[in-house]
Amino acid sequence: MWQKEKQLLAGKMSALPDGKKLVRSPSGLRMVPENGAFHSPFSLNEPQWVPDKECARCMQCDTKFDFIRRKHHCRRCGRCFCDKCCSKKVALPRMCFVDPVRQCAQCSLASQKEMEFYDKQLKVLLGGGSFVATLGTSEKSETMMCRLSNNHRYLFMDGESHFEVELSRISSMQILTDGSSPGESDIHTYTSLPDTQYLSEGGTSRASGMLLHYKPMGAQDAQQLKVEAADDRKAAALWLAAMHKAAKLLYEARDH
Ligand SMILES: [Zn+2]
Ligand SMILES: [Zn+2]
């Protein structure tokens, strides 16, 4: 009996969603979730490499390849370059590479920008923030802790009740900012997601809330969730700015 229970438990353990495994691809060693369904929504798929026979010249500087000038593939975009144009090895956490990998100039720039998200904003999101949450158009709101789950797939909302929003089910996100005129704090400026300039760090406008539309699993209609900064407005603004950056990564990935 006991033995059987242990076996059952072991079976369950191996199916834990947070398990990771090492896989080797032509581009390098990657640490990926054991179950493909548990990929972080921020992750990108490895590109298909441009076939060798289709690239006789460097796609950046047009140098012709030969025995001396060898071709290299950029691990992020899969295009073909000479050593000079593809020499940088840069960390690429979105493709789960363990070590920095070879990237072209354009891609290494993009990857370097994303490092800030992984170094800073992602930690802020995982740490969570305190917000007043309102579901739908109800009058009732509740102070809740809002944080990104460890596998990056959900927003966990914890207060007297608990619910979660799956990031991949969010159809629109708006960051609300404080009204500009004093005394009119109820008036918010709505910023649409693609408008990335608005919420620049150190800018004059400060994020004070977020409006989400998402479709819960199995539901017909979109649900609305509004969160507004609770007591610590500075921490809330930081969390919202991190969420804004996360949304940019998610939407860019969807558009490609
Ligand atoms: Zn080149
Ligand atoms: Zn590239």
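The values are calculated or read from the model by the stated rules, or taken from the named source; none is laboratory data. Predicted model only: the values in this text are computed from it and were never measured. When we count neighbours, we look across all protein chains shown, and the Cβ atoms used for this are built from the backbone with ideal geometry, even at glycine.
Numbers below:
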{"quantity": "Which numbered condition CYS85 fails, given (1) surrounded by 17 or more Cβ atoms within 10 Å (Cβ to Cβ); (2) under 23 Å from LYS245 (Cβ atoms)", "calculated": "(2)"}
{"quantity": "Any hit, the range 119-131, residues being within 16 Å of ligand 1 (Cβ to nearest atom) and over 23 Å from ALA219 (Cα atoms)", "calculated": "no"}
{"quantity": "Which listed residue, of GLU142, GLU114, is in the same structural domain as PHE42 (by TED's automatic domain parsing) and among the acidic types (Asp, Glu)", "calculated": "GLU114"}
{"quantity": "Failed item, numbered, when GLY129 is tested on (1) crowded, with 17+ Cβ neighbours inside 10 Å; (2) within 16 Å of ligand 2 (Cβ to nearest atom)", "calculated": "(2)"}
{"quantity": "Where a residue in the range 70-88 is on the phi > 0 side of the Ramachandran plot and in the same structural domain as VAL50 (by TED's automatic domain parsing) and its partner, wherever it lies, is more than 8 Å from ligand 1 (Cβ to nearest atom) and part of a loop (DSSP other than H, G, I, E, B), with Cβ under 8 Å and at least six apart", "calculated": "GLY78/GLU46; GLY78/PRO47; GLY78/GLN48; GLY78/TRP49; GLY78/VAL50"}
{"quantity": "Flag if MET59 is more than 28 Å from LYS248 (Cβ to Cβ) and either assigned to a loop (DSSP other than H, G, I, E, B) or at pLDDT below 90 (or both)", "calculated": "no"}
{"quantity": "Conditions (1) part of a strand (DSSP E or B); (2) more than 23 Å from SER168 (Cβ to Cβ): number failed by TRP49", "calculated": "(1)"}
{"quantity": "Test result for ALA91, under 30 Å from ALA236 (Cβ atoms), assigned by TED's automatic domain parsing to the domain that holds LYS21 and either touching a Pro at 6+ places or on another chain (Cβ under 7 Å) or at pLDDT below 90 (or both)", "calculated": "yes"}
{"quantity": "Complete set of residues in the range 139-192 that are modelled with pLDDT under 85, charged (D, E, K, R) and exposed (fewer than 12 other Cβ atoms within 10 Å of the Cβ)", "calculated": "GLU139, GLU184, ASP186"}
{"quantity": "Complete set of residues in the range 77-118 that are in a loop (DSSP other than H, G, I, E, B) and within 16 Å of ligand 1 (Cβ to nearest atom)", "calculated": "CYS77, GLY78, ARG79, CYS82, ASP83, SER87, CYS104"}
{"quantity": "Filtered residues of the range 37-64 (kept if of a type in the set (A, V, I, L, M, F, W, C) and out of contact with any Cys (no Cβ under 7 Å at 6 or more places or on another chain))", "calculated": "ALA37, PHE38, PHE42, LEU44, TRP49, ALA56"}
